[in-house]
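Written below as structure tokens is the structure these notes are about.
The values are calculated or read from the model by the stated rules, or taken from the named source; none is laboratory data. Remember, it's a predicted structure, so these values are computed and weren't measured experimentally. Here the Cβ is made from the backbone with ideal geometry for all residues, glycine too, and neighbour counts use every protein chain on show. Only protein heavy atoms, including side chains, enter the accessible area calculation; ligands, DNA and RNA are left aside. Shrake-Rupley method; radii C 1.70, N 1.55, O 1.52, S 1.80 Å.
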2 protein chains.
Amino acid sequence: MSQLRLHLNEHTGGCSPAVLAAIRSLTREDLACYPDYDEVTRACEGWFGVPRGWVQLTNGLDEGLKLVAELAARRSGVSHGSDTGQTRVRHVPDPALIVEPAFEMYAASADAIGLPHRHIPPEPNFRFPLEALLAAISPATPLIFLTDPNNPTGLAIPPGAVERIAIAAPATLVFLDEAYAEYSGRTFIGPALERHRNLIVGRTFAKAFGMAGLRAGALVAHPDTLAPIRRHIPPFNVNVVAARALQAALDDRAYVAASVAAAAESREMVYSWCRQRGIPHWPSEGNFVLMRVGDPTEPVVRGMAGRGILVRDRTTAPGCGGCIRITAGIVDHTRACLAALEDVLASRTN
Amino acid sequence: MSQLRLHLNEHTGGCSPAVLAAIRSLTREDLACYPDYDEVTRACEGWFGVPRGWVQLTNGLDEGLKLVAELAARRSGVSHGSDTGQTRVRHVPDPALIVEPAFEMYAASADAIGLPHRHIPPEPNFRFPLEALLAAISPATPLIFLTDPNNPTGLAIPPGAVERIAIAAPATLVFLDEAYAEYSGRTFIGPALERHRNLIVGRTFAKAFGMAGLRAGALVAHPDTLAPIRRHIPPFNVNVVAARALQAALDDRAYVAASVAAAAESREMVYSWCRQRGIPHWPSEGNFVLMRVGDPTEPVVRGMAGRGILVRDRTTAPGCGGCIRITAGIVDHTRACLAALEDVLASRTN
């Protein structure tokens, strides 16, 4: 790679060799046929340890976000399926709730579907705004977007908070984005998910599996919760290559474990580097670290790009003033990043 | 292949060998990075002969249909982006119009987005219901779905009709599905599309390119028309493998030409077979033929499946009573299909 991409939390080590081999085994006929997802969906259910019917594959988790927003909109009466075309009195729904700082695609998905949204800012030092969120919930709240661990901070949602939210909002669809769950080693998938039929967990194979280019995500929930999504999902939403690749990836558990171990080592390296320099940062459960290099951040990001390393400017995200986010995955890449950052920050001071 | 799949209008000859080679050249790092579509989008614009900005790639044309329905819904006020949450009087929009018989995904896309829809039945012998459609248009019609050539009939929209519709519905989004345009050799893309800013053409690389499994489609329209779709499209909607494959496919024009020629030969073979047996059928501009084998169709479809050949039962589609649709692409496959059908129909008569 001519550039080191540390701005999108990709796995810069690439996907598993087993994935590459699976892709290279595809024939011209395989590529010309609409895919079938039975086998790979079963494999995913096995991976997540859930019964049959609990996993819906999506074209990256981005499609999952849109499907969830669509469902929330249909349930809240934003939209309707009649064909009478007559004028009626309708109610604008309460807004979807987004806990900040948040992945931008939550708001984008709501906007695409015409769902209003309200953003709950974090408390100081990114403390999870549980009370503010609970206070914002109404019986007509269509959707709540949560992330555990958070992106861009890498911080966990406090224990018990997700269940309190799910209980406080029984008529609301609660979406819990677990894109980085392989790194955190924590998931809501299990008995708690069985109890809360208003909750959908989102997962992706972009990060720890190193398959961002393949676009494979999953919604995990009780089949009754997924049913109204399944009624409206395009029948061939996931590419045949992604389906075949995912099956191979799920068989290579050692590769995911190695990705997770490398990220843990990388993060420690970043923390130690930051501590030595007095740079505020947050302990992350993802393959990335948020650090406060101070405003203006733009020259830092530009200086890094000039050295061939892309990092993410997060200064405009709520609570993230003066912050950049760097991917912390492959140890050598983290080392190169920190060396360049040393350089860039030094030249800024001078 | 253990089964001959002639039920989904796939290219049963597979994709171009150049596509397979392109896919096999992808690295582990390519698969781990979010894709960039600049180069392949430029290549598509070249293929369609349109200026820069006129092509939006989609995850199969299915995603394109949803994006178009979303745009129509936002424009018609089904949905909204405010975050006030207060109650207001809103209008239910007029229905989207779907000319039958039609690809099922039009109604499915409208349903997913909560857009009501009204279906315009064909005139006898599938004559295009232009007057009925024009009469159904109101200033509040959000969306019209057209297909040229039609699926499942394979028939063309009469010359001039698309322009008349676009002019009669200036406030309406007109979607023209040209999934089979390589076979018909006819497209609305060109000066007429430049004139009608309310029109979006849909194309797919699933059919003549033999890439159904790769999920690559395109919306083609003036950039001003595409802009509100682009604002709401997930940034990585097309798989990196599909993007790379498409670029290779567009360079292999001979492969597409051969697909088209094979379909033409196959269709003639089907027509001649039908004529000899007095089986009503329609001259098709796609890689398929609709024929009226008579009700009940189910034993015919089942009998074919028993002989390892999948064909599509269309008897419940408007105007299609007693009809099946068979893919007519690769000549050997068409020959095998007709031989089996001979058998199945003979055993039905006995």
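Centre-to-centre, using Cα atoms only, the stretch B:250-268 and the stretch B:99-139 are separated by 30 Å.
Kirkwood's formula applied to the C-alpha pairs of the stretch A:126-278 gives a hydrodynamic radius of 17.4 angstrom.
For the stretch A:263-343, GluC sites (Glu not before Pro) are listed when DSSP marks them as loop and at most 15 other Cβ atoms sit within 10 Å of their Cβ; the list is empty. With bins 20 Å wide beginning at 0, the percent of Cα pairs of chain B falling in each bin runs 29, 56, 15, 0.
Quick one: ranking B:R244, A:R275, A:R197 by accessible area, 1.4 Å probe, largest first, what do you get?
Numbers: B:R244 85, A:R275 150, A:R197 105 Å².
Heavy-atom accessible area, descending, gives A:R275, A:R197, B:R244.
In nanometers and ordered shortest first, the copy-to-copy spacing of the B:D38 label point, defined 7 Å from Cα toward Cβ, is 4.4. Averaged over the residues of A:112-122, the number of partner chain Cβ atoms lying within 10 Å of the residue Cβ comes to 5. Taking a straight line from the alpha carbon of A:K207, these aspartates and glutamates sit under 15 Å away, with near neighbours fewer than eight places off in the same chain left out: A:E10, A:D62, A:D148, A:D177, A:E178, A:E182, A:D252, A:E285, B:E29, B:D30. The mean accessible area for residues of the stretch A:123-250, using a 1.4 Å probe and ignoring ligands and nucleic acids, is 30 Å² per residue. Largest accessible area first, the listed residues A:M269, B:M291 line up as A:M269, B:M291 when surface is computed with a 1.4 Å probe on the assembled protein chains. Accessible surface comparison of B:D111, A:D332, probe 1.4 Å, protein chains only, largest first: the order is A:D332, B:D111. Per residue, the convex hull spanned by the Cα atoms of the stretch A:262-327 measures out at 86 cubic angstrom. Copy-to-copy label distances for B:A254, where each label lies 7 Å from Cα along Cα-to-Cβ, are 4.5 nm in order of increasing length. Accessible surface for B:H232 stands near 40 Å², nearest 10, in the context of the full protein assembly shown (1.4 Å probe).
Where nothing but the Cβ of Lys and Arg (+1) and of Asp and Glu (-1) is charged, how large is the charge dipole of chain B around its Cα centre, in debye to the nearest 20?
The calculated dipole for chain B is roughly 300 debye.
Using C-alpha pairs under 8 Å with a sequence gap of at least 6, the mean separation divided by the residue count of the stretch A:17-251 gives a relative contact order of 28 percent.
Across the copies of the chain, B:E342 has label points (7 Å from Cα along Cα→Cβ) spaced 8.0 nm apart, shortest distance listed first. Here the Debye sum runs over all C-alpha atoms of the protein assembly as shown as equal scatterers in vacuum, and log10 of I(q)/I(0) at q = 0.06, 0.10, 0.11 Å⁻¹ comes out as -0.37, -1.00, -1.19. Taking Cβ separations below 4.7 Å as the criterion for a possible disulfide partner, the isolated cysteines in chain B are B:C15, B:C33, B:C44, B:C274, B:C337.
Let me confirm one metric for peptide B:204-216, namely the mean number of other chain beta-carbon atoms within 10 Å of its residues' beta-carbons.
Working: counts 0, 0, 4, 1, 0, 2, 5, 5, 7, 16, 9, 12, 1.
Mean shielding by partner chains, rounded to a whole number: 5.
Rolled with a 1.4 Å probe across the full set of protein chains, the surface gives A:H117 an accessible area near 30 Å².
Rounded to the nearest 10 square angstrom, A:R42 shows an accessible area of 80 square angstrom against a 1.4 Å probe.
Dipole orientation for chain B: of the candidates B:N150, B:S25, B:T225, B:N150 has the Cα lying most toward the positive pole (charges on Cβ; Lys, Arg +1; Asp, Glu -1). The mean number of Cβ atoms from other chains found within 10 Å of a Cβ in peptide A:240-247 is 4, as a whole number. Straight-line cross-link partners of A:K66 among the lysines, defined as a Cα under 16 Å from its Cα and at least 8 positions apart when in the same chain: B:K66.
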